[in-house]
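The values are calculated or read from the model by the stated rules, or taken from the named source; none is laboratory data. Note that the coordinates shown come from a computational prediction; the quantities given were computed from them, not determined experimentally. Every residue, glycine as well, gets a Cβ built from its backbone with ideal geometry; the counts of neighbours run over all protein chains shown. The protein model used for the area step is the full one, side chains on, heavy atoms only, and it has no ligands, DNA or RNA in it. Shrake-Rupley method; radii C 1.70, N 1.55, O 1.52, S 1.80 Å.
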Amino acid sequence: MNEFLPIIILVIIVIIGFKVCKKNYKNRATYINNNLLEYCCEIIKEYDKIPLDKQHEFKQTLTPKELELINRLIFKNDNFGRNLNILQTQMFTLEAIMQKLRNFQSKTSIT
């Protein structure tokens, strides 16, 4: 029985570690998702500042992935998923959209 005690303790430690890691992963995904939702609101505010006749012109500057994402935001379909890799990919896409939005706004305000 004494030779099994270290193995049992190791298994218990691994199980507890797995549970803690899983909880942290879910909390991080929820935190990132909430931040993305706030960032999406900012993107929509900036998009709404563009005159209606220029919004189509702006959409033509976007890549298909960015266009799909901004259309989802416009039509209030902001479900990003729970996978951290997907959330981070969408975060980079949202940053690219915001950069293009700001560049487009500065370009249209000059002309």
For the range 9-47, how many residues are small (G, A, S) and under 14 Å from the mean Cα position of the chain (by Cα)?
1
Sole miss for E3 among (1) outside any helix (DSSP H, G or I); (2) surrounded by 10 or more Cβ atoms within 10 Å (Cβ to Cβ) is condition (2)
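The rows are residues; the columns are (1) modelled with pLDDT of 85 or more; (2) closer than 14 Å to A96 by Cα.
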position: G17; (1), (2): yes, no
position: N27; (1), (2): yes, no
position: N33; (1), (2): no, no
position: K59; (1), (2): yes, yes
Take the residues of the range 30-57 that are within 22 Å of L84 (Cβ to Cβ) and β-branched (V, I, T): which is most open to solvent (accessible area, probe 1.4 Å)?
T30
Long-range neighbours under 6 Å by Cβ, at least six apart or interchain, first residue under 16 Å from L84 (Cβ atoms) within the range 16-29, second open to solvent by 100 Å² or more (accessible area, probe 1.4 Å)
A29/R82
